[in-house]
Amino acid sequence: MSAPENREAAFLAKITASATHEIRNVLAIVKESAGLIQDVIHSWSQSEVPNQDKVLRSLGRIDAQVIRGADLLSNLNRFAHSLDRLQEETDLSLEAQQVALLSQRFARKKRHVVQVRPADQRLPVAVKPLELQMALFAAVECCLDQLPEASTVTIHPAREGDRASVEFIGEAGEKALLPAPAAADGWGRLVELLDDFGASIETSDTAYRFRIVLPSVGAR
């Protein structure tokens, strides 16, 4: 990045962080208000509150959505800060989890599920965070575009000897003949993104899966 781009990225990160902080405050007020209503309802008898069970279930859903919103904000905030993080190292396992969470809405459009099978250790890789996130998201998009509706995409970061890798596995909800990942419209773009930081890609002939192999720390 050039110096002007760094300033712009820092500005975007600052504004996004401020906005997410304010939205967190909104969610906190919603959660507190729902809790107070719940306490009041519990203090009354069922005859005093029509459909008490239904109201309590609705309050439970509000609480669940507040938690979901807080998780989304945490990931959005972290993503925004990746714009101005210039270090040459990041944690592949953490970035894979973040991309999976941020891609949920795209997945739901086709009733897909995107999940992570986490690594059992930290996986430092010699890649700038934003570069890695762009590549991982491009890989997810290839899967979402190719797989039939209601499929599952599993992202599995792992250590293989002195290499770190992340595998993408597509499983259809029903038995179906799945296309080759390299036939995806976005495959060329994915390869370009990986070339930018020296990563390679391996495909399988027996199932819908492919693996991105990344440079280890100190390799660049």
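Taking the Cα centre of the stretch 90-214 as origin and assigning +1 to Lys and Arg Cβ atoms and -1 to Asp and Glu Cβ atoms, the resulting dipole is close to 460 debye. Pairs of Cα atoms in the stretch 3-82 fall into 10 Å distance bins, from 0 up to the last occupied one, in shares of 17, 33, 22, 15, 9, 4, 1 percent.
Largest mean-square fluctuation among VAL116, VAL166, VAL40, in a Gaussian network model of the chain whose springs join Cα atoms under 10 Å apart, belongs to VAL40. Can you tell which of ALA199, ALA100, LEU123 lies farthest toward the positive end of the dipole of the stretch 90-214, using +1 and -1 charges on the Cβ of basic and acidic side chains (Lys, Arg; Asp, Glu)? My answer, from the dipole projection, is ALA100.
Overall, the stretch 1-156 carries a charge dipole of about 360 debye about its Cα centre when +1 sits on the Cβ of Lys and Arg and -1 on the Cβ of Asp and Glu, all other atoms neutral. Taken over the stretch 90-214, the ratio of Cα radius of gyration to 2.2 N^0.38 Å equals 0.97. Pairs of C-alpha atoms in the chain farther apart than 29 Å represent 41 percent of all such pairs.
Read-outs throughout are calculated quantities, based only on the coordinates presented, and are distinct from any laboratory measurement. Just so we're clear, the structure is a prediction, and the values are computed from it rather than from any experiment. So basically every Cβ, Gly included, is an ideal-geometry build from the backbone, and we count neighbours across all protein chains shown.
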